[in-house]
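The values are calculated or read from the model by the stated rules, or taken from the named source; none is laboratory data. Every value quoted in this text rests on a predicted model; they were computed, and no experiment measured them. When we count neighbours, we look across all protein chains shown, and the Cβ atoms used for this are built from the backbone with ideal geometry, even at glycine. These accessible areas exclude ligands, DNA and RNA; they are computed on the full protein's heavy atoms, side chains included. Shrake-Rupley method; radii C 1.70, N 1.55, O 1.52, S 1.80 Å.
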Amino acid sequence: MNCPICNSHSVKELKEHRERLFRKESFQIIELFYKCENCSEEYTTTALDQINISLVHNEYRVRNKIPFPEEIKAIRLQYELSAVKMSEILGLGINSYRNYENGEIPSESNARLIQLAADPAEFNKLLHFARNIQPDEIKALEYKIEQLLQIQTARKERPDTQDFVLSKLRSIMPDSLIIPNEFTGYKRPSIDRLGQMVLYFAEKIQPRKTRLNKLLFYSDFLCFKLYGYSMSGFPYRAINYGPVPEKYDTVFEHLESECIIRRNVEVIEGAETVMEQFCPGKIDFNNELFDEKEIKVLDHIIATIGQLNTKDIVLKSHDEEAWKQCNGEKKIISYKEYAFDLTLN
C-alpha cells in the first residue's frame with residue numbers, strides 16, 4: 001500500500017490505545033491506523049474505519065448491557081416469528097427492528113424492551129398489548145409460549161434436562177466467559193458453531209487434537225482481526241502447547257456423543273502418549289451457520305497453515321503475542337488486545 005499523501009511505500013499498520021466518544025460516553029479502545037514512515041502522516045481505510053467503529057460499539061454494548069445483533073435475532077427465533085411480526089408485537093418500526101438485527105445499536109429503552117421479550121411470560125403480556133395481530137396468530141403464539149414456559153419449568157425442576165449450551169457452559173465456565181465481551185470476541189460462545197468449525201477441519205484435513213486447537217484459535221482470531229467479531233464466541237487460554245479453546249476436552253466429548261465428529265485414538269509405541277485424530281461423524285457440515293466471509297476465513301486457515309505438522313503449528317502459535325503475553329499465567333486471551341497482532345493476514 002502506498003501513502004496517499006506522499007506515495008511512499010514505507011507504510012505500517014499500527015494499533016494504539018485511544019479514547020473515543022460514543023453517545024456522550026468515553027471508551028478506551030484499540031484503534032487501528034496506517035502511518036507513513038516517510039511523511040509521518042496517519043490515515044485509515046474504509047475497512048479499518050469499520051473495525052474501529054465496531055470496537056467502540058462493542059464496548060458500548062458491554063458497558064450498557066445492550067444485546068448484540070445475534071442475541072436480538074435469537075429472541076425472535078425462539079417464537080418462530082418474522083421480523084415484521086416481532087416489530088409489531090414490540091411496537092417498534094419494522095425498519096428500526098431490522099436494523100437492530102443487522103447491527104444498529106438500539107436505544108437503552110428499546111434494548112430493555114427486546115430483552116424483556118426474551119422471557120416467555122413477559123412476551124405473552126406484550127403480545128396482548130399489540131395491535132394488528134390476528135386471532136389465529138395470537139392462538140399460535142400462545143401455544144408456542146406455553147411450550148417455552150413448560151421447558152422453563154422443567155429446567156428449574158430438573159437441571160439435568162437443560163440443553164447442553166446452558167448446562168455445560170455454565171458448569172465449566174464462569175459467567176464472565178459466557179457473555180459477549182473481549183474474551184469471547186463479543187459473541188456468546190456457541191458450541192454449535194465451534195462444533196461445525198471442528199467438523200469443517202475434520203472433513204478437510206482430519207487433524208490431530210493439538211493441531212486442531214491451533215486451527216480453531218487462528219480461525220476465531222483472524223475473523224476478529226478482519227471483521228471485529230469472533231466466529232465461535234469461544235474464549236481461548238494460553239497453555240504450554242499454544243492457545244486452546246476453553247474446556248475443549250468437554251466440548252469434544254460432546255461433539256463425539258452427538259456424532260458430529262469421530263476420534264481415532266492411536267497409542268504411540270514406546271511412549272506414554274495417545275494421539276487423537278478428528279474425523280467426520282455422521283452429520284453433514286451445516287454451512288447455514290456461517291456467512292460467506294466466515295467460510296473464506298476457514299478456507300484461508302486451511303490454505304495457509306492447515307498443512308503444517310503439529311510441531312510446526314505449535315511453534316508458530318508460540319510466536320504470537322497472544323501466547324507470549326498470556327502463557328506465563330495460563331491466562332484467557334483478549335481478542336481486542338491480541339487479534340490485531342496475529343501473524344496471519
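Using every pair of alpha-carbon atoms in segment 78-149, split the distances into 10 Å bins beginning at 0 and state the percent of pairs per bin, rounded to integers.
19, 56, 23, 1
Report, in listed order, any pair from Lys139/Lys293; Lys35/Lys336; Lys214/Lys336; Lys125/Lys293; Lys73/Lys331; Lys12/Lys247 with a Cα-Cα distance greater than 28 Å.
Flagged as over cut-off: Lys139/Lys293; Lys125/Lys293; Lys73/Lys331; Lys12/Lys247.
With a length cut of 15 Å (Cα positions projected on each helix's long axis) and a Kyte-Doolittle mean of at least 0.0, go through the chain and give me the DSSP H helices that pass.
Both cut-offs are met by 191-204, 209-227, 292-305.
What order do you get for 105-114, 297-306, 15-24, 242-251 when each peptide is scored by the mean count of other beta carbon atoms within 10 Å, highest first?
Ranking, from highest mean packing down: 242-251, 297-306, 105-114, 15-24.
Give me the dipole magnitude in Debye, nearest 20, for segment 292-345 about the Cα centre, with unit charges on the beta carbon: positive for Lys and Arg, negative for Asp and Glu.
In debye, rounded to 20, segment 292-345 gives about 120.
As I understand it, the dipole of the chain uses +1 on the Cβ of Lys and Arg and -1 on the Cβ of Asp and Glu, about the Cα centre. Which of Ile178, Ser317, Pro245 lies farthest toward its positive end?
My answer, from the dipole projection, is Ile178.
Once amide H atoms are placed 1.01 Å from N in the peptide plane, what residues at a sequence separation of 5 or more from Glu246, or on another chain, have their amide H within under 5 Å of its amide H?
Here Tyr236, Arg237 satisfy the definition.
Could you check which residue among Met173, Met86, Met231 shows the biggest mean-square fluctuation in a GNM of the chain with a 10 Å Cα cutoff?
Judging by the Gaussian network model, the answer is Met173.
What's the carbon and sulfur percent of the chain's accessible surface, probe 1.4 angstrom, rounded to a whole number?
48
When the helix-only estimate is applied to the chain (DSSP H runs of n ≥ 4, each -39,500 (n - 2.57), divided by the residue count), what is the mean residue ellipticity at 222 nm, nearest 500 deg cm²/dmol?
-15000 deg cm²/dmol
Could you run the Karplus curve 6.51 cos²θ - 1.76 cosθ + 1.60 with θ = phi - 60° over segment 27-39 and give me ³J(HN,Hα) per residue in whole Hz, x for Gly and Pro?
9, 8, 10, 7, 9, 9, 7, 9, 9, 7, 6, 8, 10
Give the long-range amide H neighbours of Ile261: residues separated by 5 or more places, or on another chain, with amide H under 5 Å away, using H modelled in the peptide plane at 1.01 Å from N.
Glu256, Gly281
Hey, can you find the accessible area per residue of the chain for me, probe 1.4 Å, expressed in square angstrom?
It amounts to 52 Å² per residue over the chain.
Between (i) 24.6; (ii) 21.3; (iii) 31.5, which matches mean projected area of the Cα convex hull in nm² calculated for the structure shown?
(ii)
Select from Arg76, Arg98, Arg131 the residue whose mean-square fluctuation is largest in a Gaussian network model of the chain (Cα-Cα springs shorter than 10 Å).
Top of the fluctuation ranking is Arg131.
Determine the dipole magnitude for the chain: charges of +1 sit on the beta-carbon of Lys and Arg, -1 on that of Asp and Glu, nothing else is charged, the reference point is the Cα centre, and the result goes in debye to the nearest 20.
400
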